[in-house]
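Below you'll find the structure, written out as structure tokens, and then a few comments.
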Amino acid sequence: MTTLTRQDLNFGQVVADILCEFLEVAIHLILYVREVYPSGIFQKRKKYNVPVQMSCHPELNQYIQDTLHCIKPLIEKNDAEKVVVVIMDKEHHPVERFVFEISQPPLLSISSDTLLSHVEQLLRAFILKISVCDAVLNSNPPGNNCYLHVLVTLMCLPLQDFPWIVADEQEVHMQEPRLIPLKTMTSDIVKMQLYVEERAQKT
């Protein structure tokens, strides 16, 4: 087994590439499974060797891509603690928060050439769990009266040129949310936990 620092292989960039690719797929799938937008804007694709649903709406896709473009350097520098996919109602209050908690080790232990394929298997398990999460969640407000919002929790305060803005209190907190753990993973390059905070009364 070989142990390297984060800088030796710039594996922060490797992790950021892997996670942002995963988060893009996960966000699209969450929007489809939770019926945030009409099912007609989604098309079936394959990722991690499993079927997924991806939006074909240009403006929505651009928002997701732009958001992940800003998140990527934060993950690369190990500054992002959480990436939160928030489903908001028409009154701009969160009804569900899909929370991805991310942590990276200071040292990278390489034990085999199959490291990345092992991570892909773990991410596939996340996708499969998201695809059936509606079985443990209550229905969202009907009629596609919800929309997407993405938040990031940082390890420390950002620099002045940071392109994000502080989230409103009502976007961050729910009153007495129900907590539903979905999946955890541990690998040599990243640890991640996914859980959902669900508002008790959605209608």
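What spacing in nm lies between the two simple spin-label points modelled at HIS93 and LEU116, each 7 Å away from Cα in the Cβ direction?
Inter-label distance under the simple model: 4.6 nm.
Which of the peptides 181-187, 126-132 is most tightly packed, and how do the rest follow, judged by the mean count of other Cβ atoms within 10 Å per residue?
Result, highest mean first: 126-132, 181-187.
Quick check: residue separation of CYS56 and ASP134 times 0.36 nm, minus the Cα distance between them. What number comes out in nm?
My answer for the length gained is 25.9 nm.
Where a ≥ b ≥ c are the square roots of the eigenvalues of the C-alpha gyration tensor, would you call the range 10-87 rounded, which needs a/c under 1.5, or, failing that, prolate if a/b is larger than b/c, or oblate?
Because a/c hits 1.5 or more and a/b exceeds b/c, the range 10-87 counts as prolate.
For the range 40-71, list residues with backbone N below 18 Å from a point placed 7 Å from the Cα of ASN144 toward its Cβ?
Hits in the range 40-71 for ASN144 at 18 Å: 40-44, 53-64.
Where a number appears in this text, it was derived from the coordinates with a stated rule and is not lab data. Every value quoted in this text rests on a predicted model; they were computed, and no experiment measured them. Every residue, glycine among them, receives a Cβ derived from its backbone with ideal geometry; neighbour counts consider all protein chains shown.
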